Amino acid sequence: MTAQTNHLLTVSNLSMRYNKHVQALSGVSFQIGTGECLGVVGQSGSGKSTLARLLLRLDQPDEGEMMLLGQPLHKLKGEALRQWRRHVQIVFQDPAAALNPRLSIYQSVMEPLNNYPQVTPVFLRDIRHSPREMAERLLSMVGLPPEWLNRKPHQLSGGQKQRVAIARGISLQPDLLICDEPTASLDVSVQAQILNLLKDLQEQLGMSYLFISHDIAAVRFMSNRILVMKEGQLVEQFDADQLLAAERHPYTQQLVQAVTA
Amino acid sequence: MGFDGMLTSGKMGMNKRKSERTSTGTKTTPAERNIPPVLQIDDLSIHTRADSSGKRLVRNLNLTIQPGEMVALIGESGSGKSVTASAVTGLLPAPLSMSGGRILFQGRDTATLTSPERRAMLGKEISVVFQDYAGSFTPFIKIGKQLIEMIRRHMGWNKTTARVLATQALEQVELAAERVMDSYLFQLSGGQQQRVAIAAALMLEPDLLIADEPTTALDTLTGETILQLIDSLRHKTKCAVLFISHDLHHVIKRADRIAVMYGGEIVESGPTDVLVREARHPYTRFLLQSRMDLADVPARLQSIPGEPGAVSACGCPFALRCPVRIARCDSEAVPEMMVSDGHTARCHLIGEAQGDLGAAEITRTS
Amino acid sequence: MLGLIGSRLLQMIVVGLFLTFATFVLMKLAPGDPVKTILNIDDVAVTQAEQEAVRQSLGLDQPLVVQYTEWFWRVVRLDLGESYITHRPVADLIESKLGATMTVTLGGLTVMLLIAVPLGILSAVYQNRWVDQLSRLFSLIGVSLPSFWLGLVLIYWFAYQWRLLPSMGNGGLMHLILPSVTLGIAMAGVYTRLLRSGLIKSLAEPYVRAARARGLGEVRVIIVHALREGVLPVVTMFGMSLGSLLGGSVVVEMLFAWPGLGKMVVDAIIQRDYPVIQGYVLCTGMLVVLINLGVDLTVRMLDPRLRWRS
Amino acid sequence: MAGFINRYAVWIGLGVWLLLAVMTLLGPYLIPHDPLAVDMGKRLQTADATHWLGTDHFGRDVLARLVAGAKITLGLTLVAISAALLIGVPLGLLSGYVGGVVDAAVMRVVDALVAFPDFIIAISIAGILGPDVTHVVIAIVLVKWIGYARVVRGTVMTEKGKAYVLAARVAGTPGVKTIFRHLLPQALPEVLVLAALDMGKIILMISALSYLGLGAQPPMPEWGAMLNDAKMMFQTHPVLMIYPGVAIFLVVLGCNLLGDGLRDRLDARGEW
């Protein structure tokens, strides 16, 4: 039992199929420690996004267990599930799609906090009675000017929208923040900014990350440990600094070679 | 003549045509032999409206591609690289128009071409491979039929001969030709679709291939094999390539020369190895620095300050984001300056020590 | 493909059952007593006993379920009963009117296509130019005009004032012109717009750009590559349009005293001639299902993506 | 001309409806004639100072009847469209959001009905229930709710898989709130456009059925019924068929302009 205490999330033997023919995920097991960033590398169709959807309980696994803080995440339903959702938040790939175009930045950023009136993260505690101030602080935490709260998403660039999405993702101070290809739809010159921001916030707030990407360099930069996935299966997992080690799986080596000259 | 006979004769025909064209040269570069460049773009400007009003997407762009050379055009989205390619093919989308400069293809000004002449040139002398591989063929018509349609359109051959060439072209890109000929595009995987597009593009042995972000929509590994394919086929067919990409890594690996675009201008260009070693423009230097090294991971990544698409209206387009800018950068247009042979840059600080670009922090633009 | 036909036939049966049941139940719920209608009770004095005799002879005294099953099996054998008024078998009546309705519907379709196809293509290719603006105005007027009024106006000028064309009845090509034009104009507006927007959408598709980049001529690009997808929604709507034309033909048949199904049913409704109404509902219902089957098959033929997915 | 129409489509459309409303409210006070008052002594008079548009074959004032007809058209159309919206929109939301059995059930009904042209269903129902304007309205509602259910369901189905709706779920937004905050507003533009275009179609259908004698019955001054009356005298008094016809045309045109303009402004889809 004591071994579980420093594991935030324990996933064992997780499987999911979309229909008879498509096995999206088969028998995946791993753990995420508190304050750790676990990177997931894989090509499209490797099952990495399915993994994210399952951890968010947007889909239901066919088999396997997901234990978050000792609670069986895979069994939760209804209001209990809704209450547990605040522990796991996400930053999606395409910030343009992740923000409702009709809502102001203020409305989008405050949506999670409005849904859990009883929750106030530590970093907002001193201003908990002023939603406006909370929203302003969230924006400044992600490096956006607070006066942008009244803007609509279309007035922001892709990188700025992703910052808003990140502000929203951290607003409940979740234990686990899933980053599903957070830089894939951004320009190269902004990708580094967003990665730096995510890394700073992790240190600042002590969150755990599940960092999903096809970009092995970004995963290497962000993560403590790396999971390599292929066609719904776990190829291997290892400490990030062992990425270039000789004993790596041939598939991992292929991925590495594709990005080195 | 049996089918095998047809096949070999077709192949021989193909090789003969090409060898006649290239056998004249010895080991000199095309420029030294005074062979005209395949493509020469002089002072090109493109506006969002026909009457030079509206936004300027490309400003005073110069670019030359020699026969058989692969030149990469690199820049962030909106920097004008794809628009430039569209101008070369004459397929600029409706309200955009060329507002200045000229484009010479094989020495001919493409502006003087009539519409049918231009169409006759497309697909035969200039080919395009798009990023959107799923849209490279009409979904309702079988691939074979569309390849044959293209061959007959340009070569005027009969169906049987055209079919032989189409089959060969698909074999060249390592596809099961017969099956693919009889398939619709959507029945293939993304990588296969892009292979078919490449097959079609190189089938008639064009002088110039425009590869417009050909791997952006593909997986890393699939993209890698596609680039290898383009690379090997361009050597085989001696076709020049204009390779448009936002991925510096790909470009450094494959291109002979690199032109870096920012805000519609080529801010720096030169032979790949020279540019990698001695980049002079701050934007190029930023791009090179932001490459990640898997062996040596820094605590923080070098990032380019500011927002992409922040382009100053006059002076240097990069001035708004440049940490080493001086007063002149905001107001004075920067001429193209020669750094070394074949290496040019547009920066007021070229002669001076720019120093360290620093750990650039986010600057707010509002 | 066979599976599709099979499922469509099944759907036809389901729809048929639903139609027969719905029409039957609603008839029974309908106000007014058919016996009184038959005996013309408002004008003629009829005894209660005489009424009962007629009721029995028609089986109207039986429980509803029995009446329905009996009626249903007769329908299956194409026995749709007799008209209360003329005492002719309804099946015969429909058979004799079907041809006239088909003629005027196809006439309307022809006029519609003659207007909509060229206009739709022209306004897509010359988007926002004067042809397009003009076609938009025409379409707007076309969909806003009440067809029965347009018909009256056409009759007034072409038949009455200028005496160029006959206005009444069915008797050859000249008689077909005014009804077809009335029907066709009303529909042409919708289809012009539909074809236009479909074609504009497909002209903006990446595969059209790719076809141009392969050096194909513009005419070939439009006709061979772009038109196919532009036509798809039109073909789908085509089935609906045939149905709508069938519906529209009711008005036109009344206007031009055209001896078809539409005129038959309106007369029947006013005279409360239930078997004829039932027959009409069943017959048009089945026709519509058949048309939709044809459309489905055509769309599938034109779009291999659909064929492949199933 | 066309450019002008494009730019001001919404306003022209709204203007037509405003005019109709004003006619309905103020008409009876401005026109000193009873639309139903028969005066055989004043049959088929031409326009003069007392009867601005003349009289019909029963000596009734044509203008008074046109204005009374506006009220009927306005009233019936609004009733029909409201009922269709109230049935179609909730069913569409429910069907699209809940999915599963509910969706399957709703879609079977929709599929069965959608194959049939509006006019044939309306004629059939009018035929079964008997000629009456109320029956026509019932028939129209029965036909028209389908469009809204389909449009709303379609939008909900595509939108609910998009990242921003998933993000709302992850953020703990309850289902009902998600529907009203994220999904319904997304469907609304298309619903509005469809409603505007449908009003035009409804007016055409009511008047067409009335013209055939299956809808509004004499002496009701419905525009289609008025045309039916005028038809008998169209050779001698063609002007009598001009007024109601033009009235219908203009009102329907207004609806179509409104729908068209709304589509352009709200950037929604949908064709006539």
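Can you pull out every residue in region D:248-268 that is closer than 16 Å to residue D:12 by Cβ, open to solvent by less than 70 Å² (accessible area, probe 1.4 Å) and among the hydrophobic types (A, V, I, L, M, F, W, C)? Spell out how you get there, then give the answer.
First, pick out the residues of region D:248-268 that are closer than 16 Å to residue D:12 by Cβ: D:249-265.
This time we only want the ones that are open to solvent by less than 70 Å² (accessible area, probe 1.4 Å), so: D:249, D:251-263.
Result: D:249, D:251, D:252, D:253, D:255, D:257, D:258, D:262.
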Residue in region B:154-161 that is aromatic (Phe, Trp, Tyr), over 24 Å from residue C:222 (Cβ atoms) and in a loop (DSSP other than H, G, I, E, B) present: yes
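Can you tell me how many residues within region B:37-68 are part of a loop (DSSP other than H, G, I, E, B), closer than 24 Å to residue B:230 by Cβ and open to solvent by 40 Å² or more (accessible area, probe 1.4 Å)?
First, pick out the residues of region B:37-68 that are part of a loop (DSSP other than H, G, I, E, B): B:37-38, B:48-55, B:66-68.
From what is left, the residues that are closer than 24 Å to residue B:230 by Cβ are B:37-38, B:66-68.
With the extra rule that they be open to solvent by 40 Å² or more (accessible area, probe 1.4 Å), the set shrinks to B:66-67.
Count: 2.
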Filtering region D:114-147 down to residues that are open to solvent by less than 30 Å² (accessible area, probe 1.4 Å), more than 7 Å from chain C (Cβ to nearest Cβ) and among the aliphatic types (A, V, I, L, M) yields D:121, D:122, D:125, D:133, D:136, D:137, D:139, D:140, D:141, D:143, D:146
If you take the residues of region D:185-215 that are closer than 28 Å to residue A:102 by Cβ and more than 14 Å from the chain's Cα centre (by Cα), which of them is surrounded by the fewest Cβ atoms within 10 Å (Cβ to Cβ)? D:185
Filtering region C:200-213 down to residues that are open to solvent by 30 Å² or more (accessible area, probe 1.4 Å) and in a helix (DSSP H, G or I), which residue is nearest to the other protein chains (Cβ to nearest Cβ)? C:206
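Residue C:91 - would you say it is among the small types (Gly, Ala, Ser), more than 14 Å from chain D (Cβ to nearest Cβ) and surrounded by fewer than 22 Cβ atoms within 10 Å (Cβ to Cβ)?
Values: among the small types (Gly, Ala, Ser): yes; more than 14 Å from chain D (Cβ to nearest Cβ): yes; surrounded by fewer than 22 Cβ atoms within 10 Å (Cβ to Cβ): yes.
Here the answer is yes, as residue C:91 does meet what is asked.
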Would you pick out the residues in region A:152-165 that are over 23 Å from residue B:303 (Cβ atoms) and either surrounded by 13 or more Cβ atoms within 10 Å (Cβ to Cβ) or touching an Asp or Glu at 6+ places or on another chain (Cβ under 9 Å) (or both)? A:152
Condition first: open to solvent by 20 Å² or more (accessible area, probe 1.4 Å) and in contact with a strand residue (DSSP E or B) (Cβ under 6 Å, 6 or more places away or on another chain). Now tell me which residues in region A:169-179 satisfy that. A:175
Search region B:212-231 for residues that are more than 8 Å from every other protein chain (Cβ to nearest Cβ) and open to solvent by 30 Å² or more (accessible area, probe 1.4 Å) and pair each with any residue that is acidic (Asp, Glu) and assigned to a loop (DSSP other than H, G, I, E, B) when their beta-carbon atoms are under 8 Å apart and the residues are at least 6 apart or on different chains. B:216/B:247; B:217/B:132
Can you name the helices (runs of 4 or more DSSP H) wholly within region B:228-322 that have at least 3 residues being farther than 25 Å from residue B:334 by Cα and more than 23 Å from the chain's Cα centre (by Cα)? none
Just for region C:258-310: of the residues that are surrounded by fewer than 21 Cβ atoms within 10 Å (Cβ to Cβ) and small (Gly, Ala, Ser), which one is farthest from the chain's Cα centre (by Cα)? C:310
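Only one residue in C:216, C:255 is within 14 Å of chain B (Cβ to nearest Cβ) and crowded, with 22+ Cβ neighbours inside 10 Å, so which one is that? Can you show your working first?
On the way: C:255 fails: within 14 Å of chain B (Cβ to nearest Cβ).
Checking each option against the conditions leaves just C:216.
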Scan region C:230-251 and give yes if some residue there is modelled with pLDDT of 85 or more, open to solvent by 10 Å² or more (accessible area, probe 1.4 Å) and farther than 30 Å from residue C:123 by Cβ, otherwise no. no
Expected output for region C:166-189 (first residue within 14 Å of residue C:154 (Cβ to Cβ), partner open to solvent by 30 Å² or more (accessible area, probe 1.4 Å) and of a type in the set (Phe, Trp, Tyr), Cβ below 8 Å, 6+ apart or cross-chain) is C:167/C:158; C:167/C:160; C:178/C:158
If you go through region C:258-310, how many residues are within 7 Å of another protein chain (Cβ to nearest Cβ), within 30 Å of residue C:202 (Cβ to Cβ) and β-branched (Val, Ile, Thr)? 2
Within region A:31-140, which strands (runs of 3 or more DSSP E) (wholly inside it) include 1 or more residues that are open to solvent by 10 Å² or more (accessible area, probe 1.4 Å) and either within 21 Å of residue D:165 (Cα to Cα) or out of contact with any Pro (no Cβ under 9 Å at 6 or more places or on another chain) (or both)? A:63-68, A:88-91
Filter region A:180-190 for residues that are crowded, with 23+ Cβ neighbours inside 10 Å and at the interface with chain B (Cβ under 8 Å from one of its Cβ atoms); the one that is nearest to residue A:8 (Cα to Cα) is A:190
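From the list A:205, A:197, which one is within 26 Å of residue A:123 (Cα to Cα), within 14 Å of chain B (Cβ to nearest Cβ) and surrounded by fewer than 22 Cβ atoms within 10 Å (Cβ to Cβ)? Full working, then the answer.
Working: A:205 fails: within 14 Å of chain B (Cβ to nearest Cβ).
Matching residue, one of A:205, A:197: A:197.
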Hey, among the residues in region C:126-143 that are in contact (Cβ under 8 Å) with a residue 40 or more places away in the chain and within 7 Å of chain D (Cβ to nearest Cβ), which one's farthest from residue C:201 (Cα to Cα)? C:143
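Every residue, every condition in (1) farther than 18 Å from residue D:224 by Cβ; (2) of a type in the set (Asp, Glu); (3) surrounded by 14 or more Cβ atoms within 10 Å (Cβ to Cβ), yes or no:
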| position | (1), (2), (3) |
| --- | --- |
| D:39 | yes, yes, yes |
| D:82 | yes, no, no |
| D:86 | yes, no, no |
| D:99 | yes, no, yes |
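Looking only at region C:160-167, decide whether some residue is under 25 Å from residue D:208 (Cα atoms) and in a helix (DSSP H, G or I). Before you say what the answer is, go through the steps one by one.
Just the residues of region C:160-167 that are under 25 Å from residue D:208 (Cα atoms), to begin with: C:160-161, C:165-167.
If we keep only those that are in a helix (DSSP H, G or I) too, we end up with C:160-161.
The answer is yes; a qualifying residue exists.
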Number of the condition not met by residue A:75 [criteria: (1) touching a residue at least 24 places away in the same chain (Cβ under 8 Å); (2) more than 19 Å from residue A:172 (Cα to Cα)]: (1)
Filter pass, residue C:196 being in a helix (DSSP H, G or I), in contact with a Leu (Cβ under 9 Å, 6 or more places away or on another chain) and open to solvent by 30 Å² or more (accessible area, probe 1.4 Å): yes
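Can you tell me which residue among D:244, D:238, D:218 is surrounded by fewer than 24 Cβ atoms within 10 Å (Cβ to Cβ) and within 12 Å of another protein chain (Cβ to nearest Cβ)?
Working: D:244 fails: surrounded by fewer than 24 Cβ atoms within 10 Å (Cβ to Cβ); D:218 fails: within 12 Å of another protein chain (Cβ to nearest Cβ).
Result of the check over D:244, D:238, D:218: D:238.
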For region B:89-122, how many residues are within 11 Å of chain C (Cβ to nearest Cβ) and either part of a strand (DSSP E or B) or modelled with pLDDT of 90 or more (or both)? 8
Residue pairs meeting the criteria (Cβ under 8 Å; at least 6 apart or on separate chains; first at positive phi, in region B:235-260; second outside any helix (DSSP H, G or I)): B:238/B:67; B:238/B:68
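Suppose we filter B:299, B:259 for residues that are out of contact with any His (no Cβ under 8 Å at 6 or more places or on another chain) and over 16 Å from residue B:79 (Cα atoms); which single one remains? Quick ask: steps written out before the conclusion?
Working: B:259 fails: over 16 Å from residue B:79 (Cα atoms).
Only one candidate qualifies: B:299.
The values are calculated or read from the model by the stated rules, or taken from the named source; none is laboratory data. Just so you know, these numbers come straight off a predicted model, no measurement behind them. Neighbour counts are summed over all protein chains in view; Cβ atoms, including those assigned to glycine, are modelled from backbone coordinates with ideal geometry. Just so you know, the surface numbers come from the protein's heavy atoms only, side chains and all, with ligands and any DNA or RNA stripped out. Shrake-Rupley method; radii C 1.70, N 1.55, O 1.52, S 1.80 Å.
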